[in-house]
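As structure tokens, the structure follows; a few thoughts come after it.
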Amino acid sequence: MNKWTKFTLPLLQPIAAIIVGLLAGAIAIMIAGGDILQTYAEMWKGAFGGMYFFTNTLSRATPIILIGLGAAFAFRAGFFNLGAEGQMVFGALSAALVGLYMPGPGWLVCIVAILAGVIAGGLWSVMAGYFDARFRVNLLISTLLLNYVAVLFAGYLVAYPLKDRSGSAAMAQSEMLDNSVWLPKLISGMPLHVGFVLAVLAALIIFVLLKRSVIGYEVRMLGGNPLFALFGGVKRGPMMLGAMFFSGGLAGLGGAVEILGSQYRYIDGALSTADYAWTGIMAALLAGSHPIGTLIASIFLAALQTGGMGVERNTEVPLEVGAIIQAVLILFISARFTYSFLKRRKGNKSDGTAV
């Protein structure tokens, strides 16, 4: 296999999935009575048609990129982390609490709030890893169920003890952060903030880490051939805990930058209804867990969402066209992933891990 084939072969399935997804969207547009070319043109304009829409798409992609990178890293190590939503929620809540109650200059509070988000998301993820390593609790189930615990617990906090009672107290939300704590905007008057730079840097760092470092080699070896990795001296338990902390920490960072850069307070349900977590996991799967690919796939999926809003504003076609395209992408991706999972299960690999 030459270098060109080695480079292009992994791209075939994602490209095929995108083409089929767009075709499925075209059928949905026809059923809705819309014009296909006009609808896709409006979708493009809604996502990239002007500086405001372009930066809005990148801003929406920021938490998706970070969550996707976290999921991709865990997948590369051979572990399923489906708890990104809970890890993101705890990261966002921790950042909001630090931003509200920590004294000191705004820039320092902002940095500590980001670190608090990373640590909170990482620890919440490590707990599921510990349950797997110590008690053999299926990682798929534990990460999934911990989402509900995190979301409901955070909702309780902002609905009762931490509720903002100064203004429109009808909503379950924390108080507004002081603007000295907010992440700076990259372009004045536009929604894009510094969190996007952090997301791009994270993608580059993970790419180099996986390709050029000893730890990255061990992670790839554990995910690709766990038996060979164990014979090679890789310790599965510590590696799993480290990978889960790293993965959850990135999801927590996604929640922190969303609070500090866009929402400026924790609002119950705002992160869940926006579907950042599952879109991030989808981006990681679409890109085959490649860090740079995950970055690009996240922007693509964010563009489908913001472009769908433009379609609904300017045509008679409903917003759900973008969701239909995403659903078809999931079907294609999950078919490949399920096949790989079942193939490994035939090799007598255990429980809720990917190995």
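A few comments on the model shown:
- Out of VAL214, VAL158, VAL197, sole residue that is farther than 28 Å from ALA47 by Cβ and under 24 Å from the mean Cα position of the chain (by Cα): VAL158
- Here the condition is being closer than 17 Å to ILE292 by Cα, out of contact with any Lys or Arg (no Cβ under 6 Å at 6 or more places or on another chain) and surrounded by fewer than 23 Cβ atoms within 10 Å (Cβ to Cβ); of GLN38, GLN13, it holds for GLN13 alone.
- Number of residues in the stretch 70-80 that are assigned to a helix (DSSP H, G or I) and open to solvent by less than 20 Å² (accessible area, probe 1.4 Å): the value is 6.
- Test: VAL137 is in a loop (DSSP other than H, G, I, E, B) and either among the charged types (D, E, K, R) or more than 27 Å from SER180 (Cα to Cα) (or both): yes
- Selection count where residues are out of contact with any Gly (no Cβ under 6 Å at 6 or more places or on another chain) and open to solvent by less than 90 Å² (accessible area, probe 1.4 Å), scope the stretch 147-170: 14
- Where ALA128 falls short, out of the listed (1) under 22 Å from the mean Cα position of the chain (by Cα); (2) under 23 Å from LEU177 (Cβ atoms); (3) among the aliphatic types (A, V, I, L, M): (2)
- GLY248 being touching a strand residue (DSSP E or B) at 6+ places or on another chain (Cβ under 6 Å), within 28 Å of GLU175 (Cα to Cα), modelled with pLDDT of 95 or more and buried (at least 24 other Cβ atoms within 10 Å of the Cβ): no
- Scan of the stretch 186-207 for residues that are modelled with pLDDT of 95 or more and open to solvent by 80 Å² or more (accessible area, probe 1.4 Å), ordered by number: LEU201, LEU204, ILE205
- For the stretch 208-240, residues that are open to solvent by less than 30 Å² (accessible area, probe 1.4 Å) and either free of Cβ contacts under 8 Å to residues at least 40 places away in the same chain or farther than 17 Å from ALA74 by Cβ (or both) total 4.
- Within the stretch 32-55, being part of a helix (DSSP H, G or I) and of a type in the set (Gly, Ala, Ser) holds for ALA41, GLY46, ALA47.
- The stretch 81-108, subset in a loop (DSSP other than H, G, I, E, B) and among the hydrophobic types (A, V, I, L, M, F, W, C), residue nearest to VAL126 (Cα to Cα): LEU82
- Per the listing ILE67, ILE29, the residue uniquely among the β-branched types (Val, Ile, Thr), closer than 30 Å to MET239 by Cβ and assigned to a helix (DSSP H, G or I) is ILE67.
- Entirely in the stretch 199-282, the helices (runs of 4 or more DSSP H) that have 2 or more residues that are among the polar types (S, T, N, Q): 270-273
- Just one of the listed residues (PHE80, PHE135) is in contact with a strand residue (DSSP E or B) (Cβ under 7 Å, 6 or more places away or on another chain), at pLDDT below 90 and farther than 11 Å from GLY249 by Cβ, namely PHE80.
The rows are residues; the columns are (1) surrounded by 24 or more Cβ atoms within 10 Å (Cβ to Cβ); (2) of a type in the set (Asp, Glu); (3) at pLDDT below 90.
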| site | (1), (2), (3) |
| --- | --- |
| ALA270 | no, no, no |
| ALA283 | yes, no, no |
| LEU286 | yes, no, yes |
| PRO291 | yes, no, no |
| ILE296 | no, no, no |
| ILE299 | no, no, no |
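- Selection within the stretch 87-119 - of a type in the set (Gly, Ala, Ser) and either more than 24 Å from the chain's Cα centre (by Cα) or surrounded by fewer than 17 Cβ atoms within 10 Å (Cβ to Cβ) (or both): GLY104, GLY106
- Summed over the stretch 288-319, residues that are assigned to a helix (DSSP H, G or I) and touching a residue at least 24 places away in the same chain (Cβ under 8 Å) total 22.
- Looking only at residues in the stretch 302-337 that are open to solvent by 70 Å² or more (accessible area, probe 1.4 Å) and within 30 Å of TYR130 (Cα to Cα), the one that is modelled with the highest pLDDT is ILE330.
The values are calculated or read from the model by the stated rules, or taken from the named source; none is laboratory data. Note that the coordinates shown come from a computational prediction; the quantities given were computed from them, not determined experimentally. Methodologically, a virtual Cβ is constructed for each residue, glycine included, from the backbone with ideal geometry; neighbour enumeration extends over all protein chains shown. Only protein heavy atoms, including side chains, enter the accessible area calculation; ligands, DNA and RNA are left aside. Shrake-Rupley method; radii C 1.70, N 1.55, O 1.52, S 1.80 Å.
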